[in-house]
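A short worksheet on the structure shown next.
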Amino acid sequence: MLEPIGSVEEFYAHALAIERESARCYREFQEHFTDRGEEVLAGLCGNFAHFEEDHHQLLLDRSAHLALPELPPERYCWMESGPPECADHDLVYRVATPRQLLEIALKAERNARRFFEWVAGTTASDEVHALADEMAREEAEHVQWVTRALEYVRADGVDWDKLLAAGGGPGLALGAERRLHRGPK
């Protein structure tokens with residue numbers, strides 16, 4: 001585990017990294033959902049991203065006069081530690097359902113909440129404790145938002161009733177339609 005955070009500078013370095021990654025990922029999720037016609041989820045992730053960007057800017061403004069330590073850029077990555085153009089990153093977007101992407105967000109928000117709770121509980125600094133407590137409460141709100149969003153997304157990501165009513169189904173995805181139209185050989 002990390003050493004307790006004892007300075008405001010160190011606290012802000014971690015908080016900024018967490019908020020920056022959250023904003024970046026929510027923007028990526030927004031783009032992903034927009035590209036797939038999931039307008040409601042795209043709008044939701046856009047709202048989350050906007051909130052995270054605003055919060056990141058507020059933290060930047062509060063810490064502008066401080067000399068912040070550098071953290072490894074991958075420290076708080078939601079999905080991977082490589083650059084966004086790496087194959088693993090793209091693969092996640094190709095195979096993940098909307099629910100799975102929101103579950104990634106939920107895990108990250110829970111981790112952030114737990115981190116700030118840990119900071120508040122282990123720091124010797126009253127100022128860091130107050131800042132961490134505030135951030136933990138905000139992250140708890142984020143957990144609630146993503147949890148509510150998950151209530152509206154099917155577990156398998158497929159509305160089978162709608163698909164079957166339209167005459168589709170799993171066989172079509174496997175090429176059954178082409179085989180049916182070929183006729184006898």
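The values are calculated or read from the model by the stated rules, or taken from the named source; none is laboratory data. Given the structure is predicted, the values throughout are model-derived calculations rather than measurements. FYI the Cβ positions are ideal-geometry reconstructions off the backbone, even for glycines, and counts take in every protein chain you see.
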**Request:** Kindly indicate whether ARG148 is at pLDDT 85 or above and of a type in the set (Lys, Arg).
**Result:** yes
**Message:** Go through segment 24-54 and report how many residues are surrounded by fewer than 20 Cβ atoms within 10 Å (Cβ to Cβ) and over 15 Å from VAL153 (Cα atoms).
**Reply:** 13
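Tell me whether segment 126-149 contains one or more residues that are outside any helix (DSSP H, G or I), of a type in the set (A, V, I, L, M) and on the phi < 0 side of the Ramachandran plot.
no
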**Asked** Just for segment 24-69: of the residues that are within 24 Å of SER7 (Cβ to Cβ) and among the small types (Gly, Ala, Ser), which one is nearest to the chain's Cα centre (by Cα)?
**Response** SER63
**Request:** Among the residues of segment 1-11, count how many are surrounded by fewer than 21 Cβ atoms within 10 Å (Cβ to Cβ), of a type outside the set (A, V, I, L, M, F, W, C) and assigned to a helix (DSSP H, G or I).
**Result:** 1
**Request:** Could you list all residues from segment 105-115 that are without any contact (Cβ under 8 Å) to a residue 60 or more places away in the chain and of a type outside the set (S, T, N, Q)?
**Result:** LEU106, LYS107, ARG110, ARG113, ARG114
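Can we say GLY46 is modelled with pLDDT of 90 or more and either over 18 Å from ALA136 (Cβ atoms) or touching a Pro at 6+ places or on another chain (Cβ under 8 Å) (or both)?
On the way: modelled with pLDDT of 90 or more: yes; either over 18 Å from ALA136 (Cβ atoms) or touching a Pro at 6+ places or on another chain (Cβ under 8 Å) (or both): yes.
Criteria met by GLY46.
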**Selected residue (only one of ARG114, ARG137, ARG110 is at pLDDT 95 or above, under 13 Å from the mean Cα position of the chain (by Cα) and more than 24 Å from GLU38 (Cα to Cα))** = ARG110
**Message:** Restricting to segment 57-104, and then to whatever is modelled with pLDDT under 75 and of a type in the set (A, V, I, L, M), can you tell me which residue is surrounded by the most Cβ atoms within 10 Å (Cβ to Cβ)?
**Reply:** LEU91
